[in-house]
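Participant: Mind having a look at this structure? Questions to follow.
The values are calculated or read from the model by the stated rules, or taken from the named source; none is laboratory data. Small disclaimer: the values here were computed from a predicted structure and weren't measured. We place every Cβ from the backbone using ideal geometry, glycine too, and count neighbours over all the protein chains shown. Just so you know, the surface numbers come from the protein's heavy atoms only, side chains and all, with ligands and any DNA or RNA stripped out. Shrake-Rupley method; radii C 1.70, N 1.55, O 1.52, S 1.80 Å.
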Amino acid sequence: MASAKENLKEAVLWEANGDKKVRCKLCNWRCVIAEGKSGRCCVRKNIDGVLYSLNYEKVCSANPDPIEKKPLYHFQPGSSSFSIATMGCNFRCEFCQNWQISQMVYEDGRIDGQAIGPDKIVAAAVRSGCKSIAYTYTEPTIFMELCNDCGRLAKECGLANVFVSNGYQTVEAIDFTRDWLDGINVDLKSFSEGYYKRLCKAHLKPVLDTIKYIAKETNIWLEITTLLVPGENDSDDELKKLAEFIVNEVGADVPWHISRFHPQYKYLDSAPTQVKALERAEQIGKVAGLHYVYVGNVPGSKSESTFCYNCGRALIERIGYRILANHITNCCCPDCGTKIAGFEL
Ligand code: SF4
């Protein structure tokens, strides 16, 4: 008879916690898990006093995407990123845009996916002309074992690696990725603990700590995204505090993406974000001193393009995820010579 451990990958970043319990150190829930039980994310299980990943090689999405879709606008612009995910999440956002793959493990215990190993993922990325692998759609922290194996192999093959994350990883988890993670987009969903608690069943402070740690203590390229939900996180006061946090605690060069909300999952009684609300948020970001503020999910908006914050020259012209022109020269504005921050611009 097959053992429960067969075909399972032992988890990274955990420790024994007495009585066959384990403590997971991957994300800031730091779950203490009894024998036979799973952590809050439902994809890490204690079997016989050892923590295992239940979603290793259970890939539920794998396809090339424009890097702009992550969104990462200052990272290898115009390139494709081979984007993978497994099922599960450590948040419970009521408006999750990918709830079919992030929340189904929690709702009915399903962990669907194909057994595609790191070698096949990296080979497919190279074959499709991608310059990076993106760990995205669901929270990459909770499939860290696959990210780690894949990320190391990708580096050997000359590819970069990027995360699209909710920012709940521990310092230990960030340090664990240092050798192979090149870029990250972190969701800063709101600047209110009440919002995180009520709508995401999570907390704000660990996310702020992650953002600061990545910006100050690592070389990982960072961009930040805020989904603007009408009436929930879009007051002038909150947006001002959030933008000032980025400028003062993270850096004016960190791009801020303000993204348009569409009703999803359990949060269906709201209209999509109005364009004028996005433009108001953009203005607040610029007044706070941010160098690069973008409006997302509004194809055709001028605010999809990159402009020199010093002289106003158009630098990367975009329509949707498509790059029409990239005028950046030697990482600088061709008109005034101002250095433009980013990764392989
Ligand atoms: S990844 Fe986070 S939620 Fe999942 S078991 Fe570890 S600490 Fe808990």
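Participant: Any residue at all in segment 141-149 that is within 26 Å of residue 25 (Cα to Cα), surrounded by fewer than 21 Cβ atoms within 10 Å (Cβ to Cβ), in contact with a helix residue (DSSP H, G or I) (Cβ under 9 Å, 6 or more places away or on another chain) and modelled with pLDDT of 95 or more?
Facilitator: Yes, that holds for at least one residue.
Participant: Identify, from the list 264, 274, 283, the residue that is open to solvent by 60 Å² or more (accessible area, probe 1.4 Å) and within 29 Å of residue 103 (Cβ to Cβ).
Facilitator: 274
Participant: Let me ask something additional. Answer yes or no: is there a residue in segment 124-139 that is away from the ligand (no atom under 16 Å from the Cβ), surrounded by fewer than 17 Cβ atoms within 10 Å (Cβ to Cβ) and either of a type in the set (S, T, N, Q) or without any contact (Cβ under 8 Å) to a residue 12 or more places away in the chain (or both).
Facilitator: Yes, because at least one residue in segment 124-139 is away from the ligand (no atom under 16 Å from the Cβ), surrounded by fewer than 17 Cβ atoms within 10 Å (Cβ to Cβ) and either of a type in the set (S, T, N, Q) or without any contact (Cβ under 8 Å) to a residue 12 or more places away in the chain (or both).
Participant: Given the options 119, 112, name the one that is outside any loop (DSSP other than H, G, I, E, B), out of contact with any Ser or Thr (no Cβ under 7 Å at 6 or more places or on another chain), open to solvent by 40 Å² or more (accessible area, probe 1.4 Å) and in contact (Cβ under 8 Å) with a residue 24 or more places away in the chain.
Facilitator: Just a single option satisfies the conditions, and that option is 119.
Participant: For segment 1-86, please list each of the strands (runs of 3 or more DSSP E) lying entirely inside it that holds at least 2 residues being open to solvent by less than 20 Å² (accessible area, probe 1.4 Å).
Facilitator: Once the strands (runs of 3 or more DSSP E) in segment 1-86 are filtered for at least 2 residues that are open to solvent by less than 20 Å² (accessible area, probe 1.4 Å), what remains is 22-24, 44-47, 50-53, 59-66, 80-86.
Participant: Another question, then. Evaluate segment 323-343: report whether one residue or more is in contact with a helix residue (DSSP H, G or I) (Cβ under 9 Å, 6 or more places away or on another chain) and in contact (Cβ under 8 Å) with a residue 24 or more places away in the chain.
Facilitator: Within segment 323-343 (the criterion being in contact with a helix residue (DSSP H, G or I) (Cβ under 9 Å, 6 or more places away or on another chain) and in contact (Cβ under 8 Å) with a residue 24 or more places away in the chain), the answer is yes, since at least one residue qualifies.
Participant: Quick one: in segment 162-201, which of the residues that are over 23 Å from residue 81 (Cβ atoms) and among the aromatic types (Phe, Trp, Tyr) is most open to solvent (accessible area, probe 1.4 Å)?
Facilitator: Among residues in segment 162-201 that are over 23 Å from residue 81 (Cβ atoms) and among the aromatic types (Phe, Trp, Tyr), the one most open to solvent (accessible area, probe 1.4 Å) is 191.
Participant: Identify all residues within segment 268-289 that are modelled with pLDDT under 90 and acidic (Asp, Glu); write none if there are none.
Facilitator: 269
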